[in-house]
Amino acid sequence: MTMPASRVARPSTIEEAVRLLADNGPEAVIIAGGTDVVPNLQMKLFAPRVLVDIKPIRVLQGITIAAAGALRLGALTTLTEIVGSPLLQASYPVLVSAAATIAGPLQRNMGTLGGNLCLETRCLWYNQSHFWRKALGGCLKKDGDVCHVAPGGKRCWAAWSGDSAPALLTLDAEVEITGPRGRRRLPLAQFYLNDGMNRIALGRDELVTSVYLPARTAGRRGIYHKLRIRDSIDYPLAGVAVTLEVDRSGVCREARVAITAVNPAPLLVKEASEWLVGQRYSAELVDRVAHAAIRTGKPLTTSASTPVYRREMVRLFARRALEEAWKNGNA
Amino acid sequence: MAPHSVIGKPLPMTDAPGKVTGLGKYADDLVAPGMLFGKILHSPHAHARIRAINTSKAEALPGVKAVATGRDAPNPYGILPIGHDECVFALDRVRYIGDNVAAVAATSAEIAEEALELIEVDYDPLPAWFDPLESMKAAADWIHESKPHNIEKEYHHEFGNLEQGFANATFVREEHYYAAEVTHAAMEPHSTLAIWEPNGRLTVHSSTQVPYYLHRTVSEVCEMPMSQIRVIKPLVGGGFGGKSEVIPLEVAAAVLAKKAKRPVKITYTREEVFYAHRGRPITIVDLKVGLTREGKISAVAARVVQDGGAYCGYGPVTVLYSGALLGAIYDIPNVKYDGYRVLTNKPACGAMRGHGTVNVRFAFEAMLDALAHDARLDPVEVRRRNLLRAPCITVNGLRVTSYGLPECIERVVERSGWAQKKGKLPYGRGVGMACSHYVSGAANPIIRSNMPHTTVHIKVDRDAAVTLYTGASEIGQGSDTIQVQIVAEVLGVRPERVKLVAADTELTPVDLGSYSSRVTFMAGNACLEAAKQMRGQILAAVAKKFGCETRACACASTKRRLRRSISTVLWWPRAPTPRRKTLVAAISRAPAWARLPLTVTARRWLRFPWTLRPVACTSTASSRRTTAARRSTP
């Protein structure tokens, strides 16, 4: 499979990148590590005139301490850097746990945090070659008007298939976006639109520049579990991230449970925080939260694995992650 | 027999250095001056008539050097003589999504892909068949007009007296089994470089298990004599049966090269590998087996439907093997088999590891466990009670010369800790057993003839080099290495000394290919024969020169393990590999072997080449036909 003929622009500042995006509109696609974009280009899912390679923008790299003790992760921070960061390992273990499961080591060396937060949504009927899709006649998301997952519907159910986003949701992370009108910060939960076609609240002329982790969630116990066919490399087919703050007497003070790959967005399980705070561990409580997690999830036939199996795995992962975080501290 | 010095020793594979250093070339690594990139246009319809194809826009695209359609190469082909039902590009009908419609050769892969988009094909879709059981009921719109009701081939065999067999049974079960389709997914996708030579000849480098059949097919499709075509198999990154018949891209590259008069390379994408397929078919098994009170199998009846996809390929052989091997591994007095190979509008199936036997064997072994349960027998015990007594001929005429199963079962029982584990492990854990067998050696050639299945040449020239010319195809299984080992063993040389030229139809004699686990048996025996003849000629010349008897002469590369009656030894110098240099030097300084008793004093050591006239230096042998398992049915 060949790549479409695109011009590669290599801006060295954020301003330059924003200008390139604004000038080229829908004809431009941002590329950083390329681990998501390149296969999609080979499948001709899009054929941009310009690839805006943001790798040379120095200020987007690295992990630094920001105001009020928050931690700023540049959008170009590689997933390997996250996995190997002693600071993150000590303070935000859930993010390390999730990043370590993303694809394989080669992809983590190239792939960036910003890229992982802006992944294309994935679907059995979408992530296919040009020929395959042509033989099918396209789908709602690309070159067609029928959704093969939910025929008759006018909504795209392509699944959000990132691993770092659910972990960051459980840390109350914020995402910083830069565009022609300057910088803005958005709680990560508001960044995702739960729509397979229009997946993130990012304008065509904007780019994600940083992620902020608040000081108040530092030190929370946390763990991430995911389902995939090949443990060495695959995208998640279901995933659960959990963070807990448990006091010395074993009472939960703060709790977040987030799920991924079973909806067009990574989602927080709202009931989890309400039900868990102020409680001690009990198997019955954990079961109840796990059940809430599968009610939040809406897996459909977007992957080769069945929705029923993926739902059950969400329940299992939620239960397992809660138990591990509660009983063992940081896993 | 003297102990072997090369055979049975753990040696590096002869092709390993090239593979691990990257110096070795696979088909896609090859380039030729002026090479074009070929891309194939696949059908987006599962079943459709082609009304018209217009390639003019594609031809007009700058950089496009040739566009080929069915009209350029209308001769049908197929691996089996009874199944010439494929054309390299569809003539008037496409039969599965991915079927080959046309191809483009252009100066870049990008241009070739762009040109594919410009080919206009007017399709008239037909009803398509995806389920083999539905396909068998089809009253019209058959996938091939010559195959009514979409049945490619059916077999109905009955051996013994089935009715009596079931009457004797105490336990009878009828079960339904379904086995899914599998493809080989060899690490190397198929790739072919076809080079049109200025002298009007064609050289085809291809990732294939069967250069000889490819040679024949290219000749038929391109309408060129075989003598004008050269097929070379470079390194192959795995086959598993997926490269054991001619794959569309191989012929497509040849047709494009001939048309463009330029070298053309086509490498499949992983997706195209799945369209080319030739994997193990969906197999639907309805099985009835009877067991006597004593735990003896009394009768077996099987109905097998295989979903073969859109073309014949190896299909009739697959469904034949499914039945033929049903009666072999155990002592089964009565057996009935009804096998159907059904066409559907899907990629064609073919040979894959344990051709035809695997799915039915799975069903049979599962059934045997169920019957053992009914009879309150241990799964091991029920198998023990049904063993054959080799040598014998089974009820369906398979000759079993050696067996090994009883010993194998006992070893497995012992080493698996069967007695301690069976039925005693915690929930979710368990041990189970199943037995399997397959036909190896390929007793019958695919294209029937009385010609040898394999021929090798060995050359020994005045440079003291031993060169083995063999048609056998190394595909990662070690065939090059084992042939070198055999020749080295017989000639008494170190394996590093034996140079191997393999699978190049211009240089090497015919071998039928790497399938049915036949290479060590067939080419190995040819190597053995040829090497013995060569040794005989050399030693006869040595004996003549030194006026001694031939049987008092021997070839050796080490000074050990020689019979005491040997008086004259032809000593092959060691190959000068860097590691060996020191060794050779050490020997010359301190000839430990010279002090060994019984060896040196009475012996003459000759360095090769010695000062004789060159001896006749080519030797040919062909293998005997296998008697390991000759099928009773055609």
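Read-outs: derived from the displayed coordinates by stated rules, not from any lab. Computed from a predicted model, the values in this text were never measured in an experiment. Positions of Cβ are generated from backbone atoms using ideal geometry, with glycine treated the same way; all protein chains shown enter the neighbour counts.
Looking at the protein assembly as shown, the DSSP beta bridges with both ends there are about 75 percent antiparallel.
When the alpha carbon gyration tensor of segment A:1-52 is reduced to an equivalent ellipsoid, its three semi-axes come out at 20, 11, 8 angstrom, largest first.
Just want to confirm a number: the relative contact order over segment A:1-52, from Cα pairs under 8 angstrom separated by 6+ residues, in percent.
On the way: 59 pairs, mean separation 30.6, N = 52.
Dividing the mean separation by the residue count of segment A:1-52 yields 59 percent.
Estimate the FRET efficiency between A:VAL59 and A:ASP231 by the formula 1/(1 + (r/R0)^6), using the beta-carbon distance for r and 41 Å for R0, to the nearest 0.05. Write out the running numbers ahead of the final one.
On the way: r = 35 Å, r/R0 = 0.87.
E(calc), rounded to 0.05, equals 0.70.
Result for chain A in a Gaussian network model with C-alpha springs under 10 Å: among A:ALA283, A:ALA47, A:ALA218, the largest mean-square fluctuation is at A:ALA283. Axis angle, to the nearest 10 degrees, between helix A:283-296 and the longest C-alpha principal axis of chain A: 20 degrees.
Label separation (A:GLN89 vs A:MET1): 3.6 nm, computed from points 7 Å beyond Cα along the C-beta direction. For segment B:81-140, the set of trypsin sites (Lys or Arg not before Pro) satisfying both a DSSP loop assignment and a count of at most 12 other C-beta atoms within 10 Å is given as B:LYS137. Once the chain from B:ARG51 to B:MET187 is taken as fully extended at 0.36 nm per residue, the excess over their C-alpha distance is 45.2 nm. Mean-square fluctuations from a GNM of chain A, with a 10 angstrom spring cutoff on Cα atoms, peak among A:GLY196, A:GLY111, A:GLY84 at A:GLY84.
Compactness of chain B is given as radius of gyration and Dmax, 28.4, 87 Å, from Cα positions.
Would you mind calculating the gained length between A:LEU106 and A:ALA66 on full extension (0.36 nm times residue separation, minus the Cα-Cα distance), in nm to one decimal? Provide the component values of the computation, followed by the final result.
On the way: separation 40, 0.36 × 40 = 14.40 nm, distance 2.97 nm.
Contour length minus Cα-Cα distance gives 11.4 nm.
Could you compute the FRET efficiency for B:SER146 and B:ALA465, with r as their C-beta to C-beta distance and R0 at 51 Å, rounded to 0.05? Efficiency, from the Cβ-Cβ distance: 0.45. Ranked by Cβ crowding within 10 angstrom, fewest neighbours first, how are B:LEU23, A:LEU140 ordered? Result, fewest neighbours first: B:LEU23, A:LEU140.
Taking θ as phi - 60° and the Karplus parameters 6.51, -1.76 and 1.60, the scalar couplings of segment B:231-246 work out to 10, 10, 9, x, 4, 10, x, x, x, 6, x, x, 10, 9, 9, 6 Hz in sequence order, x denoting glycine and proline. Cα centroid separation, segment A:57-128 to segment A:259-307: 23 Å. Label positions at A:LEU285 and B:GLU158, each projected 7 Å from the Cα along the C-beta direction, are separated by 7.2 nm.
Loop-located trypsin sites (Lys or Arg not before Pro) in segment A:239-299 (DSSP state other than H, G, I, E, B) with a sparse environment of at most 13 neighbouring Cβ atoms within 10 Å: A:ARG248.
Using the Cα gyration tensor of chain A, with a ≥ b ≥ c the square roots of its eigenvalues, what is the shape: rounded (a/c below 1.5), prolate (a/b larger than b/c) or oblate (neither)?
Details: a/c = 2.03, a/b = 1.28, b/c = 1.59.
Verdict is oblate for chain A.
For segment B:89-157, GluC sites (Glu not before Pro) are listed when DSSP marks them as loop and at most 11 other Cβ atoms sit within 10 Å of their Cβ; the list is B:GLU145. Each residue of segment B:70-85 was assigned a 3J(HN,Hα) from its phi angle through the Karplus expression (A = 6.51, B = -1.76, C = 1.60, θ = phi - 60°), giving x, 5, 6, 8, x, 5, x, 9, x, 5, 9, x, 7, x, 7, 10 Hz with x at Gly and Pro.
Which value in Å is the Kirkwood Rh of the protein assembly as shown over different Cα pairs? Hydrodynamic radius (Kirkwood, Cα pairs) of the protein assembly as shown is 32.9 Å.
For B:LYS288, the lysines whose Cα falls under 17 Å of its own Cα, not counting residues fewer than eight places away in the same chain, are B:LYS296, B:LYS336. Note on segment A:172-235 and segment B:148-172: Cα centroid distance 63 Å, given to the nearest whole angstrom. Pairs exceeding a 29 Å alpha-carbon distance, out of A:LYS142/B:LYS243; A:LYS226/A:LYS270; B:LYS9/B:LYS532; A:LYS44/B:LYS137: A:LYS142/B:LYS243; A:LYS44/B:LYS137. For a quick check, take a GNM of chain A with Cα springs below 10 Å and name the residue from A:VAL314, A:VAL38, A:VAL18 with the largest mean-square fluctuation. Between A:VAL314, A:VAL38, A:VAL18, it is A:VAL38 that shows the largest mean-square fluctuation. Measuring between their Cα centroids, segment B:87-132 and segment B:196-212 lie 24 Å from each other. With 20 Å as the limit, the listed pairs A:LYS134/B:LYS258; A:LYS134/B:LYS346; A:LYS141/A:LYS298; B:LYS39/B:LYS261; B:LYS459/B:LYS499; A:LYS141/B:LYS57 have A:LYS134/B:LYS258; A:LYS141/B:LYS57 beyond it between alpha carbons.
Going by neighbour counts of Cβ atoms within 10 Å, the residues B:PHE521, B:PHE546, A:PHE191 line up, fewest first, as B:PHE546, B:PHE521, A:PHE191. Listed by chain and number, the aspartates and glutamates whose alpha-carbon sits under 16 Å from that of A:LYS154, ignoring those within fewer than 8 places in the same chain, are A:ASP143, A:ASP145, A:ASP195.
Against chain A, whose longest principal axis is taken from its Cα atoms, helix A:307-328 shows a tilt of about 50°.
How high is the relative contact order of chain A, given as a whole-number percent (alpha carbon pairs under 8 Å, six or more residues apart)? Before the final figure, lay out the partial values.
Numbers: 750 pairs, mean separation 54.4, N = 331.
It comes to 16 percent, rounded to a whole number.
Taking 17 Å as the cut-off, the amide N atoms of segment A:183-204 that come nearer than this to a point 7 Å along the Cα-to-beta-carbon line of A:LYS154 belong to A:195-198. Each residue of segment B:274-291 is assigned a 3J(HN,Hα), and the resulting list reads 6, 6, 5, 6, 6, x, 7, x, 4, 10, 10, 10, 10, 10, 10, 9, x, 10 Hz, derived from the Karplus form 6.51 cos²θ - 1.76 cosθ + 1.60 (θ = phi - 60°), x at Gly and Pro. Counting only the backbone N, which residues of segment B:83-98 are under 15 Å from the spot 7 Å out from the Cα of B:GLU271 toward its beta-carbon? The answer is B:97-98.
Which FRET efficiency value, to the nearest 0.05, is calculated for A:GLU27 and A:ALA304 with the Förster distance at 35 angstrom and r the Cβ-Cβ distance?
E between A:GLU27 and A:ALA304, to the nearest 0.05, is 0.60.
When the helices in chain B are scored as -39500 (n - 2.57) per DSSP H run of 4 or longer and the sum is shared across all residues, what 222 nm value do you end up with, to the nearest 500 deg cm²/dmol?
On the way: 16 runs with 165 residues, N = 634.
The helix contribution divided over chain B gives -7500 deg cm²/dmol.
Projecting label points 7 angstrom from Cα along Cα→Cβ for B:ALA366 and B:LYS545 puts them 6.7 nm apart. Across chain B, the relative contact order, built from alpha-carbon pairs under 8 Å that are at least six residues apart, equals 14 percent. Full extension of the chain between A:ASP145 and A:VAL8 gives 46.2 nm of extra length, using 0.36 nm per residue less the Cα-Cα distance.
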